[in-house]
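Here's the structure we're looking at; comments come further down.
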Amino acid sequence: MKGSRLPLPLRFALRDLIGDLRGFSVFIACIVIGVAAIAGVGAASSSLSAGLAREGRAILGGDISLAVTSRPFTPEQRAFLERAGRVGEIALIRAMARSEAGEAALVEVKAVDAAFPLAGAVTLAPAQSLAEALGPRDGVLGVAADSTLIARLDLKVGDRLKIGSGVFDLRGELVSEPDKLAGGVAFGSRVLMSEAGLAASRLDRPGVILRRVARVALGAGDRVAEDRDVEQFATALAAAFPDAGWEMRRRDAVSPQFTRNQQRFTQLLTLVALTALVAGGAGVANAVDGFVARKRDSFAILKALGAPASRVFAIALTEVLLVAALAIAGGLALGSAFPFLLDRALGAVGLPFAPSVDLRSLAIGALCGLLVTLIFALGPLGRAYATPVARLLREETEETRTPRLFAAASLACVALLIGAILAFAADLRLAAAYAAATGTAFLLLRGVAALVVLAATRAPRFASLRLRHAIANIRRPRNLAAPLVLSIGLTQTLLVALALVEASIHAELAPRERGRTPNFFFIDVPKEQAAEFSAFLTSFSPDARIEQAPMLRGRIVAVKGARVETLKPPDDISWALDGDRGVTFSSTLPAGSTLAAGSWWRAEEDRPESPLVSLEARVAEGLGLAVGDEITVNALGRELTARVANLRRVDWRSFGINFMMVFSPAAFADAPYSQMVTAAFDGRDDGRDARLTREVAKRFPMIAALRVKDALDAVGEIADRLTTAARGAAAIAILTAALALGSAVAASQQTRLRDAVILSTLGATRGFLISAYGIEFALLGAAAGAVAVAAGSGAAAFILTTLMRMDFVFRPGPVAATMLGALVFAIALGLAGSWRALGRRPGAALRRR
């Protein structure tokens with residue numbers, strides 16, 4: 001390289017690294033895995049957002065969507081929409097479908113007009129037009145149903161089924177519908193019918209919970225409106241009908257709640273991936289330590305020939321950064337490929353996905369990889385910088401202290417990493433909590449490692465020779481305390497937090513008291529049939545515990561006089577303002593509720609001119625409401641302003657009838673409404689639930705029966721998918737921590753080999769040494785576990801109570817299983833590395849070189 005213009009440190013580093021990357025395999029693996037995880041999660045989220053944006057018009061069913069409940073759109077509203085473009089309208093309602101054999105199932109009915117779909121296409125099997133499938137044939141209207149209903153009722157194309165008061169032909173299987181994602185969680189199977197079919201079913205009657213959605217495709221012909229046109233129309237619509245009380249969505253915000261959850265979950269996975277990268281930092285430190293040890297003679301020669309310590313440091317740092325650049329490039333390549341590998345899987349579950357390379361995610365991954373490298377490499381490199389020539393040329397075991405300058409530089413990189421996390425965070429509070437928790441866990445684990453070494457130093461002389469040898473290994477120079485406690489502790493912290501969050505989610509979905517938990521919710525019970533229906537349930541099962549309450553739908557439109565469009569509530573409360581919510585009225589405090597503030601209204605306080613409302617306490621707190629404030633709700637197209645009389649804490653896990661908003665009875669004295677009825681039974685099922693479902697569908701065809709177990713299974717399936725993704729991210733952290741632990745054991749192999757040879761000469765067996773090493777790893781792992789339980793529990797409590805608004809309960813079972821599994825894995829990994837060291841020939845170990 002004579003005449004080369006490359007800087008001297010770079011020339012030396014390239015010569016040294018070409019063809020010789022020994023000792024950097026764990027370094028490279030840890031950085032590759034961590035960077036790939038961060039970049040991959042970010043790119044996948046970006047691809048999903050791009051897919052939603054690209055397919056937003058089809059998913060929403062138009063450019064603008066307007067939804068109202070239990071009322072039609074007015075002629076003025078309909079005319080305004082038709083002047084802007086093509087208009088389509090659908091109606092959504094839950095009902096019971098019954099086959100000719102008498103089997104029944106809950107269905108989600110979607111009644112569509114001739115314009116459906118305004119965007120996208122419906123796929124049926126056998127292939128046919130929607131008009132053919134839903135239109136009359138021999139005097140009978142048709143429907144299309146999804147495969148789950150066909151399988152559940154053992155149907156085939158051509159069979160007949162009853163829905164409400166109507167009889168329909170099953171014309172085909174509903175393979176796909178473009179606006180399925182906008183519908184949210186479904187508890188029943190989808191059935192598609194026409195408007196005429198809805199009229200024939202007689203499901204649309206006063207008081208039922210029927211949701212009407214009008215979609216507008218702006219512009220003329222096939223021209224797609226620009227984003228600014230959609231924005232202008234939305235503004236004009238709000239100005240023309242300020243008191244409409246409808247839920248408006250645009251094609252660029254199909255589901256605000258889905259978008260918020262996606263962003264939050266993506267950030268949570270990114271933070272877990274960052275934890276994986278940080279957990280592998282011990283592997284980086286061990287690799288750099290090994291690199292410095294291998295280059296000891298080279299550094300000494302350079303210093304002896306007059307090279308300043310800064311020049312030697314620059315060469316070593318350049319080598320480390322070149323290896324880091326190689327690893328980061330590999331991680332970015334894997335992260336870029338991840339969305340394309342995920343495309344088919346997400347497409348199979350119906351999520352729109354546009355795989356692409358996300359430069360922002362790649363930049364975040366590269367920056368985090370570089371900073372983690374510097375954080376963990378500057379210490380070992382600083383010790384090489386400060387080591388004098390004489391010590392570099394001798395085999396001394398005394399540890400050189402890291403100079404303050406390098407310690408300060410490492411801390412500066414930590415500050416930069418925290419700043420990057422906060423700068424790129426979608427949820428600043430979550431990111432700040434993560435940074436604080438990770439920093440605290442690191443300090444605690446380092447402190448615990450130091451305390452363990454101190455305790456080993458001052459430990460008494462035990463009778464057990466194996467225990468004495470294990471304690472001697474812990475207190476010796478270049479011991480494994482710090483890297484092992486950090487690796488195991490961070491992994492266990494993550495696993496404990498994940499185990500507690502998952503256990504709490506499933507416990508939240510599980511009934512609190514089996515005897516009180518309803519078996520069924522019956523919705524849209526006509527109030528004139530409520531007594532008859534209750535008598536039927538009692539005759540069906542005399543031990544049935546029956547509760548009922550009136551039910552309407554209402555949308556919060558103003559809080560303390562401010563329209564909700566101007567409010568910015570916390571993310572975990574914004575769902576209360578996103579659409580229609582169930583409301584009821586009652587003269588007494590509902591079961592499962594306790595008063596948190598204020599008092600329940602008396603009969604003389606219940607007046608139509610001054611309605612009162614009781615709010616769920618957490619929602620009221622998030623909206624800034626207190627007793628005496630006013631809230632305005634649009635129900636049945638009429639705005640109702642009520643004064644907050646009290647706040648309630650609701651035990652949602654009782655699964656009884658309870659609502660976010662409970663009004664005084666006079667508020668809806670003359671309003672049409674239906675009843676919600678619950679029924680709880682003692683004893684085992686033994687086919688009772690299926691018989692009751694069939695009988696209700698036969699005798700009361702207008703009433704929809706929702707089995708609690710089916711609803712919990714649907715929600716539980718979503719929770720399982722989320723926890724599966726979190727487990728996958730945690731597995732990455734476990735892998736990097738395992739690599740770091742393995743590198744720490746490998747770094748100590750030479751010293752352990754020499755000890756083993758000497759002890760073997762004195763009569764020690766391999767079994768004795770392995771058992772002593774096992775005790776050493778167990779002691780260090782137990783110390784790390786104590787911190788992990790506290791840190792993981794704190795992290796889980798924060799996630800559950802602050803972000804997910806769930807109750808946190810410490811569950812020793814999952815924690816104990818997690819800790820024991822991680823400890824056994826760490827001991828096995830450490831012993832495997834030590835076994836390799838003990839299996840090497842002793843001759844070389846007794847020589848200096």
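No lab work stands behind these numbers, since they all come straight from the coordinates. Not measured: the values here are computed from a predicted model. Quick reminder, even Gly has a Cβ in these numbers, built from the backbone with ideal geometry, and neighbours come from all protein chains shown.
Converting phi to 3J(HN,Hα) with the Karplus coefficients 6.51, -1.76 and 1.60 and the offset θ = phi - 60°, segment 822-828 yields 5, 5, 4, 4, 5, 5, 4 Hz in sequence order, with x at every glycine or proline. In the structure shown, the pairs LYS180/LYS527; LYS527/LYS568; LYS180/LYS709; LYS560/LYS709 are assessed against 30 Å; a Cα-Cα span above that value is assigned to LYS180/LYS527; LYS527/LYS568; LYS560/LYS709.
Based on the Kirkwood radius over alpha-carbon pairs, what is the Stokes-Einstein translational diffusion coefficient of the chain at 4 °C with 1.567 mPa s viscosity, in µm²/s?
Values: Rh = 31.3 Å.
Here the translational diffusion coefficient equals 41 µm²/s.
Panel order for CYS368, CYS413, CYS30, by other beta carbons found within 10 Å of each beta carbon, from fewest to most: CYS413, CYS368, CYS30. Take the Cα of ALA354, go 7 Å toward its beta carbon, and the backbone nitrogen atoms of segment 227-243 under 14 Å from that spot belong to 227. Under a 5 Å amide H cut-off, with hydrogens placed 1.01 Å from N, SER176 pairs with THR123 among residues at least 5 apart or on other chains.
Relative contact order, whole percent, for segment 104-225 stands at 35, derived from Cα pairs under 8 Å and 6 or more residues apart.
List the trypsin sites (Lys or Arg not before Pro) within segment 524-618 that fall in a DSSP loop (any state other than H, G, I, E or B) and whose Cβ has at most 11 other Cβ atoms within 10 Å. Kindly include the intermediate steps, with their values, before the conclusion.
Working: sites: LYS527, ARG545, ARG553, ARG555, LYS560, ARG563, ARG581, ARG602, ARG618; in loops: LYS560, ARG602.
The qualifying sites are ARG602.
Packing-based ranking of 449-458, 111-120 yields 111-120, 449-458, ordered from highest to lowest mean Cβ neighbour count within 10 Å. Packing, as the average of other Cβ atoms within 10 Å across residues, places the peptides 240-247, 369-376, 305-312 in the order 369-376, 240-247, 305-312, highest first. Describe numerically, in nm with one decimal, the distance between label points set 7 Å from Cα along Cα→Cβ at ALA337 and at ARG11. For ALA337 paired with ARG11, the spin-label model returns 3.7 nm. On a per residue basis, the convex hull of the C-alpha atoms belonging to segment 63-250 measures out at 123 Å³.
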